[in-house]
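Read the structure below first, then the notes.
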Amino acid sequence: EAARAEHGDAACHLLPQLANRHGLITGATGAIGSALANEYANHDTHLILHGRNLAALEQVAENCRAQGAQVTLSSIDLGDETALANWLAELCARHLPDIVIANAGKNTHPQQMGELEAWPDVQALLDINLTTPIAMAHHLVPAMRARGSGQLVFISSLAAWHGLPSTPTYSASKAAIKAYGEGLRGLLAPAGIGVTVVMPGYVTSPMCNAMPGPKPWEWPPERAARVIARGIAANRPRVSFPFPLNFGTWWLAVLPAAVSQWLIKRLGFDHLEGRS
């Protein structure tokens, strides 16, 4: 999937075109989010960028404006249901997004093996990684259905194929949003709404650096953004990368659980060493 997405085929050889359209990206100050904003920025694009760090968000916006894009910024608390609902209602009324990339996310991990993650960290992670993107779909889909078009993009992870002992709650949230996106794709296809689930491996970022364990085949965010954008343009059900890590983690879901867990331990994904 990654090879097709990166190098393209007849259906997706061109970069995604948002001519006179609106694209919404949450988590736009993160490594993948800012790279995606840069990937989509052009004279025919209105980008709606969300991030909590206003200084970093302004810098991303300036880079996009330099490429001719119109940019609107937001720093609302995505975990505040009322604020989220009001913001999305305003977007639906003024400039309903054509593409929505629910990219905001976070990670957490146990401080010691054999211990559970702190409950407040677990709740905060599930709120942003799972509840928020589902809430966004609930607020935006009715307007997209009325218009007859739209594209929802959910950011999962290769960790969705099999939970990692070093990041159990993160793995659970990514498995859940993967399943939700897959189910939603079939549900919304008759309404003309596409759904793409993105399953990245390791992409260079502060969050990636803070994750424990090895990080094989790590990609720069710019490369990841190109692959993601081309997959979205082709309305692919799933965009996963990099090969062979995506192929190997897929096998973790297929093999007997005891074998998968042995492999995870053998490859060093069952410990907390390697944190930055």
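Here are a few things to note about the model shown:
- Between helix 81-94 and the chain: long-axis angle, C-alpha atoms, 0 to 90°, nearest 10: 40 degrees
- Across the accessible surface of the chain, with the other protein chains kept in place and a 1.4 Å probe, carbon and sulfur atoms take up 56 percent.
- Electrostatic tally near Gly79: other residues with Cβ closer than 14 Å to its Cβ, Lys and Arg +1, Asp and Glu -1, net -3.
- Taking amide H atoms as placed 1.01 Å from N in the peptide plane, the amide H of Ile48 lies under 5 Å from those of Gly23, Leu24, Ile25, Thr72, each 5 or more residues away in sequence or on another chain.
- What the pair-distance distribution of the chain shows, using all Cα-Cα distances binned every 5 Å from zero, is 1, 6, 12, 17, 20, 18, 12, 8, 4, 2, 0 percent.
- Segments 93-106, 247-260 sorted - mean Cβ within 10 Å per residue, highest first: 93-106, 247-260
- Accessible-area rank, largest first, for Cys92, Cys64: Cys92, Cys64, with all protein chains present and a 1.4 angstrom probe.
- The sum of -39500 (n - 2.57) across all DSSP H runs of n ≥ 4, divided by the residue count of the chain, sets its helix-only mean residue ellipticity at 222 nm to -14000 deg cm²/dmol.
- Packing-based order for 127-137, 21-31, 110-120, using average beta carbon neighbours within 10 Å, highest first: 21-31, 127-137, 110-120
- Computed from label points 7 Å out along Cα-Cβ, the spacing between Ala179 and His95 is 3.7 nm.
- Between 0 and 90°, nearest 10: helix 132-147 axis offset from the chain longest Cα axis: 30 degrees
- Environment charge at Glu39 (Cβ cut-off 9 Å; Lys +1, Arg +1, Asp -1, Glu -1): 0
- Accessible area of the chain divided out per residue, in Å², using a probe of 1.4 angstrom: 46 Å²
- Label-point gap, in nm, between Leu116 and Leu263 - each point 7 angstrom along Cα→Cβ: 2.9 nm
- The stretch 59-204, Rg to Rh (Cα coordinates; Rh as Kirkwood inverse mean 1/r): 1.00
- Principal-axis tilt of helix 54-66 within the chain, Cα atoms, nearest 10 degrees: 60 degrees
The values are calculated or read from the model by the stated rules, or taken from the named source; none is laboratory data. Keep in mind it's a predicted model, so treat the numbers as computed, not measured. Quick reminder, even Gly has a Cβ in these numbers, built from the backbone with ideal geometry, and neighbours come from all protein chains shown. All accessible areas refer to the heavy atoms of the entire protein, side chains included, with ligands and DNA or RNA removed. Shrake-Rupley method; radii C 1.70, N 1.55, O 1.52, S 1.80 Å.
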